[in-house]
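Below: one structure, written as structure tokens.
The values are calculated or read from the model by the stated rules, or taken from the named source; none is laboratory data. As the structure is a computational prediction, the values presented were derived from the model and not from experiment. Here the Cβ positions follow ideal geometry from the backbone for every residue, glycine too, while neighbour counts run over all protein chains shown.
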Amino acid sequence: MMRTELHIPSDLKFLAVVEHWLLNCLELELGDSVDWTRQASRIRLALVEAYSNAVRHAHKEQSHLPVLLRVELKEREMVLEIWDCGNGFDLSTYLPPKPEEKQEGGYGWLIMNRLMDRVEYQLQIDGRNCLKLETRLPAMEVG
């Protein structure tokens, strides 16, 4: 089992750092057993969505507020937590966007749910919020 975390400023210029950190950690553990060309883009999209939400909405671009990323890998199950210290997002008020209304926001939640096996959001645990993304990284099909 592998577990590691990263504290990083709330600034989208760190996005590449965050992506490399996560993908490198996973690749070090799983090596060539995973089809990274397929899996990396899926993980990257979900991560970009989660991290930019924390930066733009939870922390409202206050770069001095750190975002905490924690990843845990048990065999092929990845659990990624994104912790922020914003006011939190009340999911009970969330309405999925309707395509015909061309609304701006709200797509992140849909995207993350489509890319990951499980998405969970916990409001205010010790003054912080936690977005949890879980997915299985399948073994590469040989042949």
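Looking only at residues that are of a type in the set (Val, Ile, Thr), under 23 Å from Glu29 (Cα atoms) and under 12 Å from the mean Cα position of the chain (by Cα) in the stretch 105-143, which one is modelled with the highest pLDDT? Even if it seems obvious, please write down each step before you answer.
Going through the stretch 105-143, the residues of a type in the set (Val, Ile, Thr) turn out to be 111, 119, 125, 135, 142.
Cutting the leftovers down to under 23 Å from Glu29 (Cα atoms) gives us 119, 135, 142.
Now narrow it down to the ones that are under 12 Å from the mean Cα position of the chain (by Cα): 119, 135.
Numbers: Val119: 95, Thr135: 98.
Ranking the qualifying residues of the stretch 105-143, first place goes to Thr135.
Scanning the stretch 35-78 for residues that are farther than 22 Å from Ser10 by Cβ and of a type outside the set (D, E, K, R), which turns out surrounded by the most Cβ atoms within 10 Å (Cβ to Cβ)?
Met78
What number of residues within the stretch 115-133 satisfy the criterion of being within 12 Å of Glu77 (Cβ to Cβ) and either among the β-branched types (Val, Ile, Thr) or crowded, with 18+ Cβ neighbours inside 10 Å (or both)?
Residues flagged as within 12 Å of Glu77 (Cβ to Cβ) and either among the β-branched types (Val, Ile, Thr) or crowded, with 18+ Cβ neighbours inside 10 Å (or both) within the stretch 115-133 amount to 2.
So which residues in the stretch 1-27 are surrounded by fewer than 16 Cβ atoms within 10 Å (Cβ to Cβ), in contact (Cβ under 8 Å) with a residue 12 or more places away in the chain and under 23 Å from Ala139 (Cβ atoms)?
The answer is Met1, Met2, Arg3, Thr4.
Restricting to the stretch 1-42, give me the number of residues that are touching a helix residue (DSSP H, G or I) at 6+ places or on another chain (Cβ under 7 Å) and of a type outside the set (Asp, Glu).
Residues of the stretch 1-42 that are touching a helix residue (DSSP H, G or I) at 6+ places or on another chain (Cβ under 7 Å), as a first pass: 2, 4, 6, 8, 10-12, 15, 18-19, 22-23, 27, 36, 40, 42.
From the residues that got through so far, the ones that are of a type outside the set (Asp, Glu) too are 2, 4, 6, 8, 10, 12, 15, 18, 22-23, 36, 40, 42.
Counting residues in the stretch 1-42 that are touching a helix residue (DSSP H, G or I) at 6+ places or on another chain (Cβ under 7 Å) and of a type outside the set (Asp, Glu) gives 13.
Which residues, counting only those in the stretch 118-138, are assigned to a strand (DSSP E or B), closer than 30 Å to Asp35 by Cα and not aliphatic (A, V, I, L, M)? Let's see the steps before the verdict.
The first filter runs over the stretch 118-138 and keeps only residues assigned to a strand (DSSP E or B), leaving 118-125, 128-136.
Pick out the ones that are also closer than 30 Å to Asp35 by Cα and you get 118-121, 130-136.
Once the filter is applied, which keeps residues that are assigned to a strand (DSSP E or B), closer than 30 Å to Asp35 by Cα and not aliphatic (A, V, I, L, M), the stretch 118-138 yields Arg118, Glu120, Tyr121, Cys130, Lys132, Glu134, Thr135, Arg136.
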